[in-house]
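The values are calculated or read from the model by the stated rules, or taken from the named source; none is laboratory data. Predicted model, so just to flag it, every value in this text is computed and none were measured. A quick note on method: Cβ atoms are made from the backbone with ideal geometry, for glycine too, and the neighbour counts reach across all protein chains shown. We work out accessible area using only protein heavy atoms, side chains counted, and drop any ligands, DNA or RNA first. Shrake-Rupley method; radii C 1.70, N 1.55, O 1.52, S 1.80 Å.
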Amino acid sequence: MPSRNWVLFKTAVFSLCLLPLGIQVWRFTQHQLGANPIEVVTRHLGEWALMLLLITLCMSPLKTALQSGWPIRLRRMLGLFGFFYALLHLLAYVWMDQFFDWPEIGHDILKRPFITVGMLAFGLLIPLALTSTQAMQRRLKRNWVRLHRLIYVIVIMALIHFFWLVKADTLRPIELSIGAAALLLFRVVRHYSPLVSRQRQAPIPTKVMP
Amino acid sequence: MSPKRQTSRVLSEVTPEAVYRARRRFMQATAGLALAPLVSRTVAASTLNYSAANKYTLNEAKTSFDDATHYNNFYEFGTDKYSPAERAQALTIAPWSVVIEGEVKNPGRFTLEDILKPHPLEERIYRLRCVEGWSMVIPWIGFPLAALLKRHEPTSRAKYVEFTSLLRPEEMPEQKRAVLEWPYLEGLRMDEAMHPLTLIAVGLYGQTLPKQNGAPLRLVVPWKYGFKSIKSIVKIRLTEQQPVSTWARAIPSEYGFYSNVNPEVDHPRWSQKRERRIGEFGKRDTLMFNGYAEAVAPLYAGMDLRKYF
């Protein structure tokens, strides 16, 4: 892809990633979030965090399927957006739901398994976000790849977080779990398949463009 | 003691078929517009005659009519809060009949009119606390369940009352999915059912119950979590054995038979200490028995409320 097209493409994806947030903000200001806007906002932010992490995990299979490097070059931005939405989701809980009631938040983290696992998942995302720069990739070398495999654990924890918070209707977490299972299965198959085992480690992306 | 009667009650006027159909056509015609959610809020119902609230008022702001009728848990029409207001409109509520059976001297199937006719309607402003941690203040219109049960003369073996909601998958789309076991069942102990706070509601905010709120008649038990207040009742059965309610059957470790509002006993997965009053930003403390402790605590004297949650 020529560099100008690439910049345009990346900008488009960037804007697309901001769209869910924009829609929430717009609906919030238009009072279109119903009787319990805090619940709606918190839920949406959490769901988009999880979906963006799953989209991030799509990039490597996409690269294999298309035999093209661009999905991997988008991966960092998508992952950081996942972190961004997870952070907003956490902020919504701390600010709007608990209103900075730290003892109550601490109590929740310790006593409510769904919050414990959600908080752990977020905690594990932090090092991934911090080491997402190309400089860190170069510095950590193979350890960077190992560290970033945490994403699989994080996605599973986020799904558990989702399952444990719903009352009875698990349709949505099941849908997302099927997606996650497919993406994880792809990795397992790739790992054990001699034909593609050379691609096991997604290559560290080269510099964005000359 | 007896509530002030103002005028004769008129309840039979559920929305006439023709009006209803015309309204549906109008809504369908406009559904393509982005305005659809706004239009659906104009759904009106007929007004009711009732005596003003006297004893059962609250010094708390009422939840807006819009919120109370557009933020509903009615799993038969969808598991999110916003679907029932939309999808329940397809429900046929006339004709309607209720079976009263079991340990009563006067069992049978009764038309809605027969059920309601002898009972003067009164307004009661109650708190409603959902097990999910939100609450509302709703002006219900109805009459005490006790008055209805007395008419049918419970026998000495009647220890519990079991309520059944309508089962009609063709109009209640979520009943085609096994989210819960259908039809929805709830139950009360006899003394809870006979308690003067326990209400059969047929309206709210001065008008007949909107379908998403459990038309044409529902239970309201203000000191228990909202899911005990079963909607669209078709059967009332008096029993000797404790009934198994739908949520208690679905997840027995999380939902008990009693389900009294209790800030001291958490839901296994979340705290019940506080609640968000719909329309407010911050949270407020949840009150024991939802603020009705004075009236109902004696019913549970000596009971371990952690065990009988």
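Laid out as a table, the results:
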item	result
Hypothetical label at residue A:163: residues of region B:246-261 whose amide nitrogen lies under 18 Å (7 Å Cα-Cβ projection)	B:251-254
Cα shape, the protein assembly as shown, gyration tensor, a/c 1.5 rule	prolate
Euclidean distance between Cα centres, region A:1-61 to region A:109-152, Å	21 Å
Chain A - mean residue ellipticity at 222 nm from DSSP helices (-39,500 (n - 2.57) per run, n ≥ 4, rounded to 500)	-25500 deg cm²/dmol
Net charge, residue A:92 excluded, C-beta distance under 15 Å - Lys, Arg +1, Asp, Glu -1	-1
Accessible area per residue in Å² at 1.4 Å probe, computed on region B:143-292	33 Å²
Computed label-point distance, nm, for sites residue A:104 and residue B:293 using a 7 Å Cα→Cβ extension	1.9 nm
Contour excess over end-to-end distance, with Cα ends at residue B:92 and residue B:113 and 0.36 nm allotted per residue	6.0 nm
Protection proxy ranking of A:17-24, B:245-252 - average other beta-carbon atoms within 10 Å, highest first	B:245-252, A:17-24
Between A and B, accessible area buried - total, square angstrom, nearest 100, 1.4 angstrom probe	2100 Å²
Surface accessible to a 1.4 Å probe, per residue, for the residues of region A:38-184, Å²	47 Å²
Gyration tensor (alpha-carbon) shape descriptor, region B:126-228, a/c threshold 1.5	oblate
List of region A:12-45 residues, accessible area with partners at least 30 Å² below that of the chain alone (1.4 Å probe)	A:35, A:36, A:38, A:39
Phi-based couplings in Hz for region B:279-288 (Karplus 6.51, -1.76, 1.60; Gly and Pro marked x)	x, 10, 8, x, 9, 10, 5, 7, 9, 4
Nearest-ten-degree value, helix A:150-165 long axis tilted from longest Cα axis of chain A	30 degrees
Size of region A:38-184 as Cα extents on the principal axes (Å, biggest first)	47, 34, 22
Table column - 3J(HN,Hα) (Hz), region A:55-69, Karplus curve with 6.51, -1.76, 1.60, x for Gly and Pro	4, 4, 6, 6, 5, 5, x, 4, 4, 4, 5, 8, 6, 9, x
Net charge of neighbours whose Cβ lies under 12 Å from the Cβ of residue B:158, counting Lys and Arg as +1 and Asp and Glu as -1	0
Members of B:228/B:307; B:224/B:273; B:224/B:283; B:159/B:273; B:231/B:283; A:111/B:283 lying beyond 21 Å, as alpha-carbon distances in this model show	B:159/B:273; B:231/B:283
Residues whose placed amide H lies under 5 Å from that of residue B:204, excluding near-sequence neighbours	B:141, B:209
Anisotropy class of region B:175-309 from Cα gyration tensor, a/c 1.5 cut	rounded
Residue B:277 long-range amide H proximity, modeled H, under 5 Å	B:135, B:284
Region B:82-94 - phi-based ³J(HN,Hα) in whole Hz, Karplus 6.51/-1.76/1.60, Gly and Pro as x	9, 5, x, 4, 8, 7, 6, 5, 7, 6, 8, 10, 9
C-alpha long axis of helix A:70-91 to longest principal axis of chain A, angle in °	10 degrees
Cα-based reach from residue A:10 at 25 Å (exclusive), listing lysines while leaving out same-chain residues under 8 positions away	A:63, A:207
Calculated FRET efficiency for the pair residue A:126/residue B:125, C-beta based, R₀ 30 Å, to 0.05	0.05
Built amide H within the under 5 Å cut-off of residue B:126, gap 5+	B:138, B:140
